[in-house]
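One structure coming up, written as structure tokens, with questions to follow.
The values are calculated or read from the model by the stated rules, or taken from the named source; none is laboratory data. In this text the structure is predicted, and so the values were computed from the model without any measurement. No Cβ is skipped: glycine too gets one built from the backbone with ideal geometry, and neighbour counts run over all protein chains shown. What goes into the accessible areas is simple: the full protein's heavy atoms, side chains included, and nothing from ligands, DNA or RNA. Shrake-Rupley method; radii C 1.70, N 1.55, O 1.52, S 1.80 Å.
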Amino acid sequence: MPEAAENVVIALVPLDERPVNTRYPQMLGAIAGAEVLLPPAEHRGRQRDPADRNAVQAWLRGEASVRTNAVIVSTDYLLYGNLINARISRESAAEVMPRLGVLDELSRAGKLIYAFSLITRVSNADDCVEEPDYWCTFGTRFYRYSQLLHRREAGALEPGDAEALEALRNEELPPHLVSDWLQRRLRNHTLNLALLDLLDRQTLEFLLVTSDDTSPWGLPSREKTWLESWARLLRREGEAPRLLIHPGADELGSALTARLICARRGDVPALYPLYAVPGGEEITAPYEDRAVRITVEGQIRACGGRVAATPEEADIILGVLPPSPRRTEFRADFADAERAERTPYYEAFFRALARLQEAGKPIALGDVTYPNGSDPLAIEMLLAPGSPLEPASLAAYGAWNTAGNTLGVVVAQAVLSRYAAGDPARERAQARFLAHRFLEDWGYQAMVRREAREKVLAAFGRKDPDPESEEQQAFARAAIEEGLTGALATLQARGIGAGLHLVPGSVRLPWRRTFEADFDLAE
């Protein structure tokens, strides 16, 4: 068992200010006795308003440099002010590039630097909340254009594709918007190449480049291929991998927190993936571009672990509920069919995990059946009084968003849970985060969110479930708090979150939308 990490102090420049990118790494660090520092809240920005980049750089040169052993940096935040501004900022590469200089300064000062950067997504929605304004009108058409451009280059156009590409280019997409979009992509790709240069020059100890909401076809996948080719050219023979490229985004701060703590202790935990449905490991999850098996292995490596060949040699068993072959969010219209198909497999899966748990193996459970919330069937079986698997004793649980998001946080918690044993404060941190994951990923994402939206619609006669006015915001938060309180009681009946309560008035909607919610659990 590795020693605890009380002496590890990490400065984290997060992807943005949302709790998944700030609170999660801090809560995970506490499980291992490590401290994760963040830029001052007043400088972090909010949604489309970028962080104060000068203040963040001053924080890195000052408090972060003095107090920390190591730095984890989102370069999207460092350069643009947050993830959204990496998509919408009109700055050129020449304007943005000098901001990387602080990494050279920190490296010369002897700081260990882990960095992560995203390959910009192409969202398949006519929605501009997180995209350039013109995405509200042209988003789905840009998505189609991106896919067809990639297919054409790969010689993989299908019947009718050439005509569709021609229509998009000459009739449907305004040329000045295409130029604007491509300039942003070129700038961001240029900066990702600059990060490969910093890695090769040893300024960075480790670099993680991820594809944000990606798919097998499209310019993001094309750019990933280019970056991978440069990575192969630059890698020195016999050198341990210092660069990983795979799908992901909001889990990166958590994954690298786990990796850094493991590295500080010389610990490379072995995880054995066990899949609930035979063949499910080869399904590509929504918003990703490869089989979920590859995502699992990539997240294990990102968190500082290795893939075990057998359960016997594993330090942790990673149970994976693989993606539904329907590759969509949960829908009531196919729930009965899914239940019939998956029940026999789940029964055998939970029995197998229970046997391994009884044999002393820590069990982590990553549910990536559907994006954005737990599989109702899996939760029903797991929380049933006669369930063979003890949910309160899990090393980790997650089901919150994309497969990469979910698995990265699950593996990070599982890895760090090994530091908690024997220390009351760390054990409480582990139990609190496990309860938080169940309450958010099942209680909120899969159940309470839908109920709260329905209540907002009914109370205010709205077509859009996201509350606008302060009155609607307060109503939504109260509805969410009521639902979460009931869900916590259900979890506590199975031992999850024992001794914890939902802090009254703590429910928050960080971006004033119901897609994500934050809350506090206390003893």
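Is it the case that some residue within the range 100-113 is among the β-branched types (Val, Ile, Thr) and either at pLDDT below 95 or under 30 Å from Ala263 (Cα atoms) (or both)?
So far as the range 100-113 goes, yes, one or more of its residues are among the β-branched types (Val, Ile, Thr) and either at pLDDT below 95 or under 30 Å from Ala263 (Cα atoms) (or both).
State yes or no: is Gln57 over 22 Å from Ala425 (Cα atoms), touching a helix residue (DSSP H, G or I) at 6+ places or on another chain (Cβ under 6 Å), touching a residue at least 40 places away in the same chain (Cβ under 8 Å) and open to solvent by 10 Å² or more (accessible area, probe 1.4 Å)?
When the stated conditions are applied, Gln57 passes them.
Let me ask you something else. Looking only at the range 411-439, count every residue that is more than 16 Å from Gly29 (Cβ to Cβ) and not aromatic (Phe, Trp, Tyr) and tell me the total.
5
A follow-up question, please. Identify, from the list Gly497, Gly505, the residue that is at pLDDT 95 or above, assigned to a loop (DSSP other than H, G, I, E, B), buried (at least 16 other Cβ atoms within 10 Å of the Cβ) and on the phi > 0 side of the Ramachandran plot.
Unique residue meeting the criteria: Gly497.
Just a yes or no: is a residue in the range 92-104 of a type in the set (D, E, K, R), open to solvent by 50 Å² or more (accessible area, probe 1.4 Å) and in a loop (DSSP other than H, G, I, E, B)?
no
Report yes if Asn401 is at pLDDT below 95, within 18 Å of the chain's Cα centre (by Cα) and either under 19 Å from Tyr370 (Cβ atoms) or open to solvent by 10 Å² or more (accessible area, probe 1.4 Å) (or both), otherwise no.
Yes.
Next question. Which ones in the range 252-263 are in contact with a strand residue (DSSP E or B) (Cβ under 9 Å, 6 or more places away or on another chain) and crowded, with 20+ Cβ neighbours inside 10 Å?
Leu252, Gly253, Ala255, Leu256, Thr257, Arg259, Leu260, Ile261
Can I ask one more? Mind telling me which of the residues Glu42, Glu63, Glu35 ends up being open to solvent by 40 Å² or more (accessible area, probe 1.4 Å), touching a strand residue (DSSP E or B) at 6+ places or on another chain (Cβ under 9 Å) and over 24 Å from Glu440 (Cα atoms)?
Glu63
Please tell me if Arg432 is open to solvent by 10 Å² or more (accessible area, probe 1.4 Å) and either of a type in the set (Ser, Thr, Tyr) or not in a helix (DSSP H, G or I) (or both).
So Arg432 does not fit the description; no.
The rows are residues; the columns are (1) of a type in the set (Ser, Thr, Tyr); (2) open to solvent by 20 Å² or more (accessible area, probe 1.4 Å); (3) free of Cβ contacts under 8 Å to residues at least 12 places away in the same chain.
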| residue | (1), (2), (3) |
| --- | --- |
| Ala270 | no, no, no |
| Gly279 | no, yes, yes |
| Asp289 | no, yes, no |
| Thr295 | yes, no, no |
| Gly298 | no, no, no |
| Glu312 | no, yes, yes |
| Asp336 | no, yes, yes |
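Give Thr214, Thr203 a once-over and let me know the one that is modelled with pLDDT under 95 and β-branched (Val, Ile, Thr).
Thr214
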